[in-house]
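Only one structure is covered here, and it is reproduced in the block below.
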Amino acid sequence: MGTSSVVLAGLISVLKLVGGSLADHKFLFLGAGEAGTGIAELIALEISKQTDAPLDETHKKVWLVDLKGRAIFASGSPFAPVEYNGKVYVSGQVTQEYFDNGLIYPPFTNIRKVSAHIAAKVAAKVYELGLASRLPQPENLVAYAESCMYSPKYRNYH
C-alpha cells in the first residue's frame, strides 16, 4: 500500500499543478504485478471517491496489459465470455480456494525445486536470444540455478 499511496499522491500533486482530475485520464500499466495492481486499485478507488461513480465504472479507467499490449484480466467472480472484434475471450478466475489448495503457487515444500526449474527455463530463453552475460552456458541450468540459490545454514551452538 505504501508504493500505491506514494504514486497516487504524486498524481494528485501533478494534477493540482496542471489542472484536471484523475477521472479525466486513463491509466495504463505494463504487467499485473503486486505494485501495479495495488496502484491501479487505489487509483480506481480514488476516482470513485472523487466522482461518486461505482467502482465497476472507475475500473474502466485503469488498464493492465502484457508486453504485446493485450489486456490482462482475472477475477474472483465468474464472468461470461466476451466477444471483441470477432474473437471470444474467456476471463481467468482466481479465488481464495486456489491459494488455499496450492493451485496457484506450488506448496511451500516444493518452492525451491519449482523456482530452480522456472529460473532454468528463463535462463534457457536468455541464452537462446543471445542475451546471456555468463558464458559459456552451463550444461545443466537447473543445477546451476540451484547452486545460485541462497541457502540459510545456521550453526548449532548446543
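The values are calculated or read from the model by the stated rules, or taken from the named source; none is laboratory data. Computed from a predicted structure; not experimentally measured. Cβ placement follows ideal geometry from the backbone for every residue including glycine, while neighbour counts extend to all protein chains displayed. What goes into the accessible areas is simple: the full protein's heavy atoms, side chains included, and nothing from ligands, DNA or RNA. Shrake-Rupley method; radii C 1.70, N 1.55, O 1.52, S 1.80 Å.
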### the chain: calculated mean residue ellipticity at 222 nm from DSSP helix runs of at least 4, using -39500 (n - 2.57)
-13500 deg cm²/dmol
### Task
Excluding residues on the same chain fewer than 8 positions from Lys121, give the lysines whose Cα lies under 28 Å from its Cα.
Lys68, Lys113, Lys153
#### Entry: Size of electric dipole in the range 1-76: Cβ of Lys, Arg +1 and of Asp, Glu -1, about Cα centre, debye, nearest 20
220
### Message
Hydropathy at least 1.6 by Kyte-Doolittle, axial extent at least 15 angstrom from the Cα trace: which helices of the chain, defined as entire DSSP H runs, fit?
### Response
2-18
### Task
Run the dipole for the chain about the Cα centre, Lys and Arg Cβ at +1, Asp and Glu Cβ at -1, nothing else charged, and hand back the magnitude in debye, nearest 20.
580
### Query
Ignoring ligands, DNA and RNA, how do Tyr127, Tyr84, Tyr157, Tyr144 rank by accessible area with a 1.4 Å probe, largest first?
Tyr157, Tyr84, Tyr144, Tyr127
### Summary
Sorted by chain and then number, the residues having a modelled amide H within less than 5 Å of the amide H of Leu64, at least 5 places away or on another chain, are Phe29, Ile72
## Note on the structure
Out of Gln137, Ala71, Ala40 - ranked by how far each Cα lies towards the positive end of the dipole of the chain, with unit charges on the beta-carbon of charged residues - the top one is Gln137
### Query
Rounded to the nearest 5, what % of the DSSP beta bridges within the chain are antiparallel ones?
40
## Note on the structure
For the chain, dividing by residue count, accessible area per residue (probe 1.4 Å) in Å² works out to 78
### Task
Quick one: pull the percent of accessible area on the range 17-66 belonging to carbon and sulfur, 1.4 Å probe, ligands and nucleic acids left out.
58
### Query
From the backbone phi of the range 80-86, what are the Karplus-calculated ³J(HN,Hα) couplings (6.51 cos²θ - 1.76 cosθ + 1.60, θ = phi - 60°) in whole Hz, Gly and Pro given as x?
5, x, 10, 9, 9, 6, x
### Task
At 0.36 nm per residue, minus the direct Cα-Cα distance, what do Leu67 and Asp52 gain on full extension? Give it in nm, one decimal, please.
2.1 nm
### Task
Quick one, can you get me the convex hull of the C-alpha atoms of the range 1-76 expressed as volume per residue in Å³?
96
